[in-house]
1. Please work out which residue is modelled with the lowest pLDDT, limiting yourself to the range 15-55 and to residues that are under 19 Å from F121 (Cα atoms) and touching a Leu at 6+ places or on another chain (Cβ under 7 Å).
2. Exactly one of these conditions fails for F158: (1) surrounded by 17 or more Cβ atoms within 10 Å (Cβ to Cβ); (2) of a type in the set (F, W, Y); (3) without any contact (Cβ under 8 Å) to a residue 60 or more places away in the chain. Give me its number.
3. What residue, of I84, I59, I64, is part of a helix (DSSP H, G or I) and either at pLDDT below 90 or exposed (fewer than 11 other Cβ atoms within 10 Å of the Cβ) (or both)?
4. With the structure loaded, tell me whether G77 is farther than 29 Å from G171 by Cα and either in contact with a Lys or Arg (Cβ under 7 Å, 6 or more places away or on another chain) or free of Cβ contacts under 8 Å to residues at least 12 places away in the same chain (or both) or whether it fails that test.
5. Evaluate the following for I37: is it assigned to a loop (DSSP other than H, G, I, E, B) and more than 21 Å from the chain's Cα centre (by Cα)?
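The values are calculated or read from the model by the stated rules, or taken from the named source; none is laboratory data. Everything numeric in this text was worked out from a predicted model, so none of it was measured. A quick note on method: Cβ atoms are made from the backbone with ideal geometry, for glycine too, and the neighbour counts reach across all protein chains shown.
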Amino acid sequence: MYCWKTINLSRDIGLHRILFISMLTMIFVFILTYLPINLLFPKIHYHDEHFLLFVFILISMMPIHKLLHVVPLVLTGCRVSFHIKFYRLFPTFQLKTCEGIKKKRMIISLLTPFLTFIILFGIGGLYYPAYMHYFSIALAFHIGMCVPDFLLLRHLLFAPKVCTIEEYEDGYEVLVQNNR
C-alpha cells in the first residue's frame, strides 16, 4: 500500500481558521433554525427553566459526539482504543482505531454524530416547543462542532473509491493498494 494523501486539518487549514469557520457556522445555523421557528409559531411562549440541564447537555455533547463516531466502527468489528486525558480540569477523550478503516466506514463514522443529533434535537423541538430555543442553540453548537468532520469528509469524498484510512498522531493517511 502507498500513501495517496496525508490529511492534517490543523496544518492544511489552520486551527484558528477552523475555529472561525465553526463559529460562523454556529451563528448561521442558529439564525436559519431560530428565525423560521419564530415566524412559523409566533404564539409559542418560550420557557427559560432547566437552564442548568441545558448547560450540562452542551458540556456533555463533545464526549457523546466522540463516542458516536466509534459506534459504527465497533458495530462493523473494528477495534478502537479509548484513553481519557485531562487538559487542566477538563477530561479529553482520545479514540484511536487499531487498524485501517475502509472509506465507506469512515464516511458513515463521520456522519453518525451529525445525523443523530439533528434527529434528537428535531424530535425534542417537536415534543417540547416551549424549549425550541434551547434545541436551536444546541443544534447550532453541535453543527459547529461537526465542521472538522465536514472538512475531513470533503477530503475523503475525493479519495479513490477503494482506499483505507489510517489515523496517525496529527491527522489521517489515505492508503491505496499497489496495482502490481
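1. Looking at the filtered set, the residue picked out is T33.
2. (1)
3. Details: I84 fails: part of a helix (DSSP H, G or I); I64 fails: either at pLDDT below 90 or exposed (fewer than 11 other Cβ atoms within 10 Å of the Cβ) (or both).
Just one listed residue meets the conditions, I59.
4. For G77, the condition - farther than 29 Å from G171 by Cα and either in contact with a Lys or Arg (Cβ under 7 Å, 6 or more places away or on another chain) or free of Cβ contacts under 8 Å to residues at least 12 places away in the same chain (or both) - is not met.
5. When the stated conditions are applied, I37 does not pass them.
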